[in-house]
Each structure stands twice: as structure tokens, then as C-alpha cells.
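Colleague: The structure follows.
The values are calculated or read from the model by the stated rules, or taken from the named source; none is laboratory data. Because the structure is a prediction, the values reported are computed rather than measured. Here the Cβ is made from the backbone with ideal geometry for all residues, glycine too, and neighbour counts use every protein chain on show. These accessible areas exclude ligands, DNA and RNA; they are computed on the full protein's heavy atoms, side chains included. Shrake-Rupley method; radii C 1.70, N 1.55, O 1.52, S 1.80 Å.
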Amino acid sequence: MERTPPVAILCGGRGTRLQEHTRTIPKPLVEIGGLPILWHVIRLYAHAGFAEFVLCTGYLGEQIEAFVADHAWPEGVLVTCVDTGVETPTGGRLHAAAGHLDAGPTFCATYADGVADVDLRTLLGFHAAHDGAATMTVVRPQLQFGVTELDGDARVVGFREKPRSDHWINGGFFVFDTPVLERLEPGHVLEREPLEGLAADGELRAFRHDGFWECVDTYKDAVLLNDLWASGTPPWRTWTGP
């Protein structure tokens, strides 16, 4: 298997909408099935052959560093923590970790709170096949509420229980050409200036993922993922073994 690019994982936020957990631990350490959501994200990439991980830490980052140091990672997997500051926005975190990401022509990036059954090797191939500088995985999330269907006379004609959105959103799982790092500044929010600038320049492509995707944004999300893990067949578990 050819050498894969490094993977930056954004681990520094406060997780304010998940305060049931994140008052005492950083959001990436919220457990799903007895292991941090961060572990699940790394395991997804490791199963696809990625070996070098750069964790962009911040809020309660020392706890993430302790977890990384104490955990037995698969053979060949190297996990490095980079303290990118407590208040640093997402683009600024990648800027701070640039020295760990610029050795090759590309690098990957994702969030520490989202899991999916996305084919990461196919994502790499998609990026290599187009002439843009960046690829963003887009997903259609399941809506939180059921949908009421109406006709032209305001007559209710049916219901759909929590359907998938008709719109595509940012699902993480990025691939960037290394020169994108030069677009980043310490105060940048990745999802604003850098991605908006890439889109305006015609350099951003969307990799559509129609499979499973979920992020741990609220306590309810954490319960859902724990229930899926307990079922024995969590959709994002693309690997075998313990």
C-alpha cells in the first residue's frame, strides 16, 4: 500500500453544546462504546492505511496527550499532539500544525467528533483525479424532526419520520494540497475565509457521501452512537478485531 498523507484532527474546541460531558473532559474524549470518539476517528483512518496523525489540541489538551501516551495504537501508527492554543479557531489550528503537515504534496484533515463509513481511499483518489486544491466530504444529515407533507390547499397528505436533508453540508474528511497551508492565518476559521476563498477561486470540490455519517454535537448524539455501538453492528465500524 502506497504511503498515505498525514491526517490532522481538530481536537481543540470546548464542545459547549455537550456540557454534560465537556466541563471536565475535552469533547474528543467523550466515550462511545467505552473508547473516546477520537479513537474511533483514528481507527477509521488507520483501517484505510493511514499511519501519521497530528492532533491539534487546545482545551484540556493535556488529557488528550495522556490518552495518546497511554493507549496501545496499531503497529505503524504514529500519533502526535500539537498544542495549538485554547482559543484558536479551526483554520488557525491547522496553521499552527503546518510543520507537521507539509512534507508531502497533500494532507488530510477532519474533526474529532464525527464518524462515517466513508471510503477514505476513494476520497483520496477523487482528490487526485481533479485539478482543485481541496476536497471536502459533503453529507446529507438526517433531520432532527419528522416532516409534514402538504398539498397546495394546505391539506396534510402525509408524514415522513426524520428524513435525510435535501441539502449537502460539510461532513469533514478533507483532503488538501499542501500549498493550501499558505492560505491559513492564526485567526482563520477554516469553514470561513479559507474554504470560502478556495470556493471563490474554483479550487474546492465536493466528495458526496451518501452512507452513514453522524457527529457528537449534543448529549443525544452521544446516546445514539453508544446505542449503535451496543447493537454490535455500528455502521462506521469498517474494521474487524477488537
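Colleague: Out of Ala154, Ala128, report the one residue that is under 30 Å from Pro6 (Cα atoms) and outside any strand (DSSP E or B).
Modeller: Ala128
Colleague: Of all strands (runs of 3 or more DSSP E) completely enclosed by region 14-111, which ones contain at least 3 residues that are on the phi < 0 side of the Ramachandran plot and without any contact (Cβ under 8 Å) to a residue 40 or more places away in the chain?
Modeller: 78-83
Colleague: While we're looking at this one, here's another question. With Arg164, Arg121, Arg93 as the choices, which residue is open to solvent by less than 50 Å² (accessible area, probe 1.4 Å) and basic (Lys, Arg)?
Modeller: None of the others qualify; the one that does is Arg93.
Colleague: Moving on. Say whether the condition of being in a strand (DSSP E or B), touching an Asp or Glu at 6+ places or on another chain (Cβ under 9 Å), over 19 Å from Ala46 (Cα atoms) and not charged (D, E, K, R) is met by at least one residue in region 132-141.
Modeller: Yes, region 132-141 contains at least one residue that is in a strand (DSSP E or B), touching an Asp or Glu at 6+ places or on another chain (Cβ under 9 Å), over 19 Å from Ala46 (Cα atoms) and not charged (D, E, K, R).
Colleague: I would also like to ask the following. Would region 168-186 turn up any residue that is open to solvent by less than 70 Å² (accessible area, probe 1.4 Å), without any contact (Cβ under 8 Å) to a residue 40 or more places away in the chain and aliphatic (A, V, I, L, M)?
Modeller: Yes - at least one qualifying residue is present in region 168-186.
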